[in-house]
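S.K.: Input: one structure, supplied below.
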Amino acid sequence: MASWRRADCLQHSSKERFSLLLLDLEEYFFEQHIAHHITKAGDATERSVSGSLKLCSKCLIFEPDKIEEPVLKIALRDCSKIEVEEEDLFRNNKKKRFSVVFSQVNLIKEQNIVTPYNLQRGGGHFFFQLEDSRKVDDVVQNLLQLQRASRLEKLGDQTAMITAILQSRLARASFDKNSFQSVCEKWIMECEAEMITPLVSNPGHVCITEKYLYFQPLNGYPGLEVFCTENDLCSDIYLKFYNPKDRDDVYYYIATYLENHVTEHTADSYMLQWQMGQISNYQYLLHLNNLADRSCNDLSQYPVFPWIIADYTSSHLDLTLSETFRDLRKPVGALNKDRLDRLLKRYHEMPEPKFIYGSHYSSPGYVLFYLVRVAPEHMLCIQNGKFDHADRMFNSIGETWKNCLEGVTDFKELIPEFYGSDGTFLLNSLNLDLGKRQGGKLVDDVDIPPWASDVDDFLLKNREALESQYVSDHLHEWIDLIFGCKQRGSEAVAANNVFHPVTYEGEIDLKSIEDPDHKIAMLTQILEFGQTPKQLFTKPHPKRIFSKCKSFSRSSSQNLSTIESPVSPSEDSFEDLTEESKTIAWSNITKFQIESRHKIHKEAITGIAVSSNGSSVFTTSQDSTLKMFSTSQKSLQRSVSFSNMALSSCVLLPGDTTVMCSSWDNNVYFYSIAFGRRQDTLMGHDDAVSKILWSNNRLFTASWDSTVKVWSCVPSDVCGTKRNNFELLAELEHDAGVNAINVSSDGLLLTSGTKEGVVSIWDVAESCVLHQLPCHNGSVHDIALSPDARHVLSVGEDGCLKIIDVQTGMLISSLSSGERQRCFCWNGHTVLSGNDTGELLVWDLLAGRILERMTGHTDAVTCMWMSEPCNTIITGAADRQIVLWKLQY
């Protein structure tokens, strides 16, 4: 058993449309049956389609035999009824059937073409007839059991129930010894495990004999896998064991057998080979990734390679010039001084544990971003059946490098494929429909630099650059950052190489987290963020002595798995923001379309806050809970309750480590995201706190006790582990309870609206009112200063929009909609508001009219969040849902 060989590969046969990638992440495929999909059941025109029915932990999938028919995927949580049909309903057919009533279904791979899933809403009623009618009752009972699990409110409870079902199935099955390659093989041991491939976990049984290691999937898909000794050019396999003892025993038997066949290499031994020029830079990096547990089978720990070339504009690439190369002494995030200065400013204001970079240099999203063209099904899997927006795809090597230098949170490195010999990941050889960019250009092949004639030439020059004298002289400096002494601790701080704590091995002790929902949320966060490699060196890595190696064999590159990779769904927030982009967005404001909707609360939603990278949405509700929702997973991650009274608003502090929530119980609560607990409580009012804001290290709290209070707060103190004494800087008195407040970007002006319809404009520094005038008949629901702080817009119970001039305090415009508007966003002359019937209204203030009505909710829109580029909106409503909107230019 000198080597291990994977029996399947990432790219599945074109004849087989079903793959485990059709399942959701962390979902299992349990069993399959030969079946018929019946339409128009009981009708004279009854139609039967033969195929295979797959029972999965969260869905039901039917794969028709006919290639022109789409694969059907029905989420069990979307099923309202699953039941065995009475036999006398189908007098013309004696075979038992069962029916599934559902609200929506995904149609996948119609005509065997890989495209985004076609989600058909509106409900339906399918009938299925199994080839073996005796199994119908069992199948229905299994589906009902799995449906109960998928409908549990807490993600931790769902996971626990599905895990119990899986373990029960594994315990009832065993490895079939009739599958041995030889009748003479001697059985050594057997255990339960999961085989891990990118985005997929397949449970089954591992069996070891004196000759082979076998893996037999529980579901029989893709069949028995045999790992043998015949091929020296094999990739690795990943097995995840449920029991540490099983893992150790398997390792013991394998190591015993391999003891006299393989010499184990260490990081130091490879380092010596590299120093002496016996292996290339490329081979050395592959070995280090392997030793650091980086594998092509795990997208969260995919092999990481450096950007080498810094010139993507010249017509000729000169590898003799140092300016052609990236500075390998610095992480990607530190290559641009201006960006680094901004990041360091935030870092110094941050509480412990501090981090400079909120995103990582390697994550599943980044890997798939590079590889979408060769494995689109992985992209669709991680993106919930969608490709990423065309303008966020991997369109150009030069543009990607530029964004890594200038993007707000884009610090990604490269993957080994950039230094291999197969350039198909840069070509749209599968003729995928990846969308159309804003300028109208279709997303097709990746644009390569002027100095490369084609993708093969590009890879050749990349390899030449990697093996160049400059890189050989400086590669050890990059190794220090990624695998060595500058990866952690004070050396990492000095090198500006500090990432979020969850990315480091051993920083988060999952075993110590008792709350299953919190544990799953932390695990999801770790997987989404990406992970820092295992540290291999604790001392500075030595320089290379001889740069010319004896062999530049690339055979190992042929075994690198290839997959797709979109940017994460929130990557639009990574781009530099310009006034021009905001202007374009607002000029197209009527083109917002719903991306998804999610019912996550039991009562009306009152507040929305979003993390800086867009990956997490925090919401408050009258049901007294704070919820954390993942935009990439499209699932609820956490639910926290501070009291038994309604929460009224929420704010995410800089650094995305702490959420503040205001409550009707007169308090403001501070919740630590990193530690998963309430960090502090501010008891600052005598009545309900209706709204909170954060600006320039100041906390502004509005209350029904008729005051707005200004508090001095330093983020590092608020987010620390000790309780804080908040310094009250000002108390702004009103004649009635305050419903709404807003602060200018510089924190110098504040505007407020009361329950009696009065709007006030305040000088924060002097704690004095500049203007105060009655504007509305009834409560003020929302209020905001224009971006230039010259005007105030308010909406109220009377259905009117009122505009006040800040300098004079005069009411300069009043527009009546005839319906109550509860919340809004505006750019000074165009308004996007939410009304009582669940619509979003687009107003042209200059023309004094409504331009567009967009239906989004079934009840009053109560709160609204807009991204900095103004191209993403999240709305919350009294229908207990959040709706995610995207601007479709």
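S.K.: What number goes with the only condition from (1) among the aromatic types (Phe, Trp, Tyr); (2) more than 22 Å from Leu481 (Cα to Cα); (3) modelled with pLDDT of 95 or more that Phe387 does not pass?
M.R.: In the conditions (1) among the aromatic types (Phe, Trp, Tyr); (2) more than 22 Å from Leu481 (Cα to Cα); (3) modelled with pLDDT of 95 or more, Phe387 misses (3) alone.
S.K.: Moving on to the next point. Hey, could you check region 170-191 for residues that are touching a Ser or Thr at 6+ places or on another chain (Cβ under 8 Å) and not charged (D, E, K, R) and say which is surrounded by the most Cβ atoms within 10 Å (Cβ to Cβ)?
M.R.: Phe180
S.K.: Further question on the same structure: Of the conditions (1) under 30 Å from Trp826 (Cα atoms); (2) more than 20 Å from the chain's Cα centre (by Cα); (3) surrounded by 15 or more Cβ atoms within 10 Å (Cβ to Cβ); (4) modelled with pLDDT under 70, Thr578 clears all except one; give me its number.
M.R.: Answer for Thr578: the failing condition is (3).
S.K.: Going by the structure shown, is Met645 surrounded by 22 or more Cβ atoms within 10 Å (Cβ to Cβ) and touching a Phe, Trp or Tyr at 6+ places or on another chain (Cβ under 9 Å)?
M.R.: In short, no.
S.K.: Still on this structure: Sort out for me the strands (runs of 3 or more DSSP E) sitting completely within region 192-255 that have 3 or more residues that are at pLDDT 80 or above, open to solvent by 30 Å² or more (accessible area, probe 1.4 Å) and not acidic (Asp, Glu).
M.R.: 238-241
S.K.: Run Gln120 past the list (1) in a helix (DSSP H, G or I); (2) open to solvent by 80 Å² or more (accessible area, probe 1.4 Å) and report the number of the one that doesn't hold.
M.R.: (1)
S.K.: Can you pull out the residues in region 763-785 that are buried (at least 17 other Cβ atoms within 10 Å of the Cβ) and either under 30 Å from Pro869 (Cα atoms) or in contact (Cβ under 8 Å) with a residue 40 or more places away in the chain (or both)?
M.R.: Within region 763-785, Val764, Ser779, Val780, His781, Asp782, Ile783, Ala784, Leu785 meet the criteria.
S.K.: Right, next: Does region 684-707 include one or more residues that are modelled with pLDDT under 90 and crowded, with 22+ Cβ neighbours inside 10 Å?
M.R.: no
S.K.: Let me ask something else about it. Within region 309-335, track down each residue that is assigned to a loop (DSSP other than H, G, I, E, B), of a type in the set (A, V, I, L, M), under 22 Å from Gly365 (Cβ atoms) and open to solvent by less than 30 Å² (accessible area, probe 1.4 Å).
M.R.: Once the filter is applied, which keeps residues that are assigned to a loop (DSSP other than H, G, I, E, B), of a type in the set (A, V, I, L, M), under 22 Å from Gly365 (Cβ atoms) and open to solvent by less than 30 Å² (accessible area, probe 1.4 Å), region 309-335 yields nothing.
S.K.: Within region 741-762, how many residues are in contact with a Ser or Thr (Cβ under 6 Å, 6 or more places away or on another chain), in a strand (DSSP E or B), open to solvent by less than 30 Å² (accessible area, probe 1.4 Å) and of a type outside the set (A, V, I, L, M)?
M.R.: 3
S.K.: Just give me the residues in region 466-508 being crowded, with 22+ Cβ neighbours inside 10 Å, in a loop (DSSP other than H, G, I, E, B) and within 24 Å of the chain's Cα centre (by Cα), in sequence order.
M.R.: Listed by number, the residues that qualify are Asn497, Val498, His500.
S.K.: Turning to a different aspect of this structure: I'm told Gly156 meets every condition in (1) in contact (Cβ under 8 Å) with a residue 40 or more places away in the chain; (2) over 30 Å from Ser632 (Cα atoms); (3) part of a helix (DSSP H, G or I) except one. Can you identify the failing condition by its number?
M.R.: With (1) in contact (Cβ under 8 Å) with a residue 40 or more places away in the chain; (2) over 30 Å from Ser632 (Cα atoms); (3) part of a helix (DSSP H, G or I) applied to Gly156, the lone miss is (2).
S.K.: What is the residue count in region 836-871 for residues that are within 30 Å of the chain's Cα centre (by Cα) and open to solvent by 20 Å² or more (accessible area, probe 1.4 Å)?
M.R.: 10
S.K.: Mind checking whether some residue in region 289-299 is modelled with pLDDT of 95 or more and open to solvent by 20 Å² or more (accessible area, probe 1.4 Å)?
M.R.: no
S.K.: With the condition kept exactly as written, say whether any residue in region 76-91 is hydrophobic (A, V, I, L, M, F, W, C), over 30 Å from Gly435 (Cα atoms), at pLDDT 95 or above and not in a strand (DSSP E or B).
M.R.: yes
S.K.: For region 418-439, does any single residue satisfy the condition of being closer than 30 Å to Ser672 by Cα, modelled with pLDDT under 95 and open to solvent by 10 Å² or more (accessible area, probe 1.4 Å)?
M.R.: No, region 418-439 has no match at all.
S.K.: Here's another thing I want to ask about it. Restricting to region 268-292, count the residues that are under 13 Å from Ile482 (Cβ atoms) and part of a loop (DSSP other than H, G, I, E, B).
M.R.: 1
S.K.: When Gln807 is evaluated against the numbered criteria (1) free of Cβ contacts under 8 Å to residues at least 24 places away in the same chain; (2) within 39 Å of the chain's Cα centre (by Cα), which criterion, by number, is the only one it fails?
M.R.: If we test Gln807 against (1) free of Cβ contacts under 8 Å to residues at least 24 places away in the same chain; (2) within 39 Å of the chain's Cα centre (by Cα), just (2) comes out false.
S.K.: How many residues does region 138-152 contain that are open to solvent by less than 70 Å² (accessible area, probe 1.4 Å) and in contact (Cβ under 8 Å) with a residue 12 or more places away in the chain?
M.R.: Total meeting the criteria: 10.
S.K.: Examine region 620-642 for a residue that is in contact with a strand residue (DSSP E or B) (Cβ under 6 Å, 6 or more places away or on another chain), more than 25 Å from Val883 (Cβ to Cβ) and among the hydrophobic types (A, V, I, L, M, F, W, C), and state whether such a residue exists.
M.R.: There is at least one residue in region 620-642 that is in contact with a strand residue (DSSP E or B) (Cβ under 6 Å, 6 or more places away or on another chain), more than 25 Å from Val883 (Cβ to Cβ) and among the hydrophobic types (A, V, I, L, M, F, W, C).
S.K.: Give region 841-882 a look and list any residue that's under 18 Å from Gly607 (Cβ atoms) and touching an Asp or Glu at 6+ places or on another chain (Cβ under 8 Å), or say none.
M.R.: The answer is Gly856, His857, Asp859, Ala860, Val861, Ser867, Thr872, Ala877, Ala878, Asp879, Arg880.
S.K.: Taking region 39-66 as the search range and keeping residues that are modelled with pLDDT under 90 and of a type in the set (A, V, I, L, M), which one is nearest to Glu528 (Cα to Cα)?
M.R.: Ala41
S.K.: Does region 625-632 contain any residue that is part of a loop (DSSP other than H, G, I, E, B) and within 17 Å of the chain's Cα centre (by Cα)?
M.R.: yes
The values are calculated or read from the model by the stated rules, or taken from the named source; none is laboratory data. If you're wondering where the values come from, they're calculated on a predicted model, not measured in any experiment. Counting neighbours? That spans all protein chains shown, and the Cβs are built from the backbone with ideal geometry, glycine included. Just the protein is used for accessible areas: all its heavy atoms, side chains included, with ligands, DNA and RNA removed. Shrake-Rupley method; radii C 1.70, N 1.55, O 1.52, S 1.80 Å.
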